[in-house]
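The values are calculated or read from the model by the stated rules, or taken from the named source; none is laboratory data. Keep in mind the model is a prediction, meaning the values are calculated, not measured. Backbone-built Cβ (ideal geometry, glycine too); neighbour counts: all protein chains shown.
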Amino acid sequence: MRVALAGIFIYASWDKILHPKDFSAVVRDYRILPDILVNIPAIILPWLELMLGVLLLAGRLREGTLLLVNALLITFWITLVVNYFRGIDVGCGCFSTTREESSPMLWYIFRDGLFVILALGAAWVHRARLRGAAAAGVGGDAGA
């Protein structure tokens, strides 16, 4: 699960990093932030996604990384749901800065919901391994 999430996050970051101006337009389309604040997440989020993907792939800092991954995915999912009910078709911008006209918002909500379930599952498995290691008397995060 962790490796699948790593692939999702690394792949999602690539086009956004290469086209920050286009991603800024995607962020603006969500109509959540005032225009003056749009560039901040448009610049930071892709690099954060890349960093989290690399950390997931490397298996480093798992607890904090999984916490941030879950927080981001849940935030993205809620934002999609809110915009769906507001009647705003944002075209997601999850994996590309090019508007994806062929998919309806419900598809993005469903797909990103699966990503949330995957991330929650990865966090649950990680916590279960930590509890198992603690019960066996093995401390630390290295073996989980």
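Could you tell me which of the residues Arg86, Arg62, Arg127, Arg131 is surrounded by 15 or more Cβ atoms within 10 Å (Cβ to Cβ), at pLDDT below 95 and among the basic types (Lys, Arg)?
Criteria check complete, one pass: Arg62.
Within segment 11-39, the residues that satisfy the criterion of being under 14 Å from the mean Cα position of the chain (by Cα) and either more than 23 Å from Ile78 (Cβ to Cβ) or among the basic types (Lys, Arg) (or both) are Trp14, Lys16. Between Thr97, Thr79, the distinction of being of a type in the set (S, T, N, Q), modelled with pLDDT under 90 and under 20 Å from Lys16 (Cα atoms) belongs to Thr97 only.
Of all residues in segment 96-127, those that are outside any helix (DSSP H, G or I) and not basic (Lys, Arg) total 8.
Residues of segment 59-99 that are of a type in the set (Ser, Thr, Tyr) and closer than 17 Å to Ala25 by Cβ: Thr79, Ser96, Thr97, Thr98.
Take the residues in segment 65-111 that are under 14 Å from the mean Cα position of the chain (by Cα) and small (Gly, Ala, Ser), then tell me which one is nearest to Ala123 (Cα to Cα). Across segment 65-111, the extreme among qualifying residues is Ala71. State all residues of segment 42-59 that are modelled with pLDDT under 95 and of a type outside the set (A, V, I, L, M); if no residue qualifies, say none. Correct list: Gly59 only. Has segment 129-140 got at least one residue that is outside any helix (DSSP H, G or I), over 16 Å from Ala6 (Cβ atoms) and among the aliphatic types (A, V, I, L, M)? Yes, because at least one residue in segment 129-140 is outside any helix (DSSP H, G or I), over 16 Å from Ala6 (Cβ atoms) and among the aliphatic types (A, V, I, L, M). Does segment 104-123 include one or more residues that are among the hydroxyl-bearing types (Ser, Thr, Tyr), without any contact (Cβ under 8 Å) to a residue 40 or more places away in the chain, closer than 21 Å to Phe23 by Cα and surrounded by fewer than 15 Cβ atoms within 10 Å (Cβ to Cβ)? Within segment 104-123, none of the residues are among the hydroxyl-bearing types (Ser, Thr, Tyr), without any contact (Cβ under 8 Å) to a residue 40 or more places away in the chain, closer than 21 Å to Phe23 by Cα and surrounded by fewer than 15 Cβ atoms within 10 Å (Cβ to Cβ).
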